[in-house]
Amino acid sequence: MSVSVASVTVTFNAADVLLPQLEALLHQSRPLEEIIVVDNASSDGTSAMIAERFPQVTLLQMPENLGVGAGLAAGLTYAALQKHHDWVWTFDQDSVPKRDALEALLTGTDSLEEGEGVVGIAAALPVHEQSGACYPPLIWRDGFVKPSTEQLKQPIWFADLVITSGCMVRREVVEKVGLPRADFFMDFVDFEYCLRARSSGYRIAVITKAQFAHEIGNAREVRFPGYFQLWPNHAPWREYYISRNMTYAAWRLYSNAGTKRFVVRHLARHAGGVILFGTNKLACLLKMAQGFYDGRRAFLGIRFRPGDLPRPANAKSE
């Protein structure tokens with residue numbers, strides 16, 4: 001019996017970037033059973049564009065911009081829990097899978113021995129088209145550990161942390177570990193979900209033959225002699241959520257001295273990058289500091305949206 005696979009894409013004001021992805025999903029060498037887009041209350045005509053140009057796509061419209069976490073939760077609720085698709089392939093709005101990406105994911109997952117443990121998440125490899133660099137999945141050792149060059153050459157290897165875009169989640173995982181955290185709004189939503197799945201005994205397989213083009217915001221290349229990095233250049237509100245959710249995870253979810261030290265070092269290094277490469281340095285640093293403070297005291301929920309002023313009334317404390 002063949003498995004049923006649906007895709008879920010969470011969007012916000014994506015009318016100008018979503019077209020290539022939807023075309024790629026519609027023309028996969030192994031067809032999807034359903035293509036689902038969760039529109040986070042876009043104001044640029046995203047929903048109208050989808051309804052007009054892609055009537056075969058299932059459109060879920062959120063009442064307001066509730067963030068990536070809530071959008072993913074809505075998509076997984078519909079695709080896995082209501083429609084009972086076996087796998088749900090999740091995407092950011094600006095990612096474009098290669099034509100054989102789904103076929104490669106399913107073939108790679110099927111080739112794994114059942115005795116090695118249940119694969120709960122199968123991840124494709126995200127590649128930055130302009131530079132050819134990949135965004136590697138990570139290993140978790142009370143902090144992020146990058147895979148070795150040899151690991152990245154393997155057709156299949158196992159990681160602990162993968163980004164939302166391009167990863168395929170088994171329905172059983174959603175039923176057992178629940179939904180992504182809506183109170184994170186965005187950032188670290190995917191990593192927290194991966195850690196939850198790993199703690200429940202599921203494995204995360206990285207199928208390197210399955211690839212997709214992926215962008216991170218307004219990323220630009222930073223080069224020095226012997227050094228190369230893609231700098232994401234996040235907006236201040238985005239730096240807030242990165243700092244807050246990572247801090248919350250270290251102090252409340254996976255609390256130990258090693259994890260806390262890692263987060264402090266990681267945020268300090270990132271702050272140094274903001275000073276060197278950022279375009280809105282002071283605002284970003286202030287939002288990072290606020291995020292660290294709120295994460296320590298478990299002040300979650302929606303504090304900022306793109307272009308918004310602070311929204312403390314919507315936040316909650318745990």
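Annotations
- In the range 6-20, residue farthest from Thr107 (Cα to Cα) [restricted to those that are out of contact with any His (no Cβ under 6 Å at 6 or more places or on another chain) and outside any loop (DSSP other than H, G, I, E, B)]: Thr11
- Every condition in (1) open to solvent by 20 Å² or more (accessible area, probe 1.4 Å); (2) not in a helix (DSSP H, G or I) holds for Ala74 except the one numbered (2).
- The combined condition, being more than 29 Å from Lys176 (Cα to Cα) and at pLDDT 95 or above, is not fulfilled by Pro31.
- Among the residues of the range 272-291, just one is among the charged types (D, E, K, R) and touching a residue at least 12 places away in the same chain (Cβ under 8 Å), namely Lys287.
- Some residue of the range 51-62 being β-branched (Val, Ile, Thr) and either over 25 Å from Ile242 (Cα atoms) or without any contact (Cβ under 8 Å) to a residue 60 or more places away in the chain (or both): yes
- Selection count, the range 1-25, where residues are over 16 Å from Thr164 (Cα atoms) and open to solvent by 10 Å² or more (accessible area, probe 1.4 Å): 12
- Subset of the range 243-262 [within 16 Å of Val145 (Cβ to Cβ) and open to solvent by 50 Å² or more (accessible area, probe 1.4 Å)]: Tyr254, Asn256, Arg261
- Pairs with Cβ under 9 Å, 6+ apart, first in the range 68-95 and on the phi > 0 side of the Ramachandran plot, second open to solvent by 10 Å² or more (accessible area, probe 1.4 Å): His84/Ser4; His84/Arg171
- For the range 265-290, a residue qualifies if it is open to solvent by less than 40 Å² (accessible area, probe 1.4 Å) and part of a helix (DSSP H, G or I), and the qualifying residues are Leu267, His270, Ala271, Gly272, Gly273, Val274, Phe277, Ala283, Cys284, Met288.
- Some residue of the range 83-96 being surrounded by 14 or more Cβ atoms within 10 Å (Cβ to Cβ) and part of a helix (DSSP H, G or I): no
- Considering each residue of the range 176-186 in turn, none proves to be at pLDDT 90 or above, farther than 20 Å from Leu76 by Cβ and of a type in the set (A, V, I, L, M).
The values are calculated or read from the model by the stated rules, or taken from the named source; none is laboratory data. As the structure is a computational prediction, the values presented were derived from the model and not from experiment. Glycine gets a Cβ as well: all are built from the backbone with ideal geometry, and neighbour counts include every protein chain shown. Side chains are part of the model used for accessible areas, which takes the heavy atoms of the whole protein and leaves out ligands, DNA and RNA. Shrake-Rupley method; radii C 1.70, N 1.55, O 1.52, S 1.80 Å.
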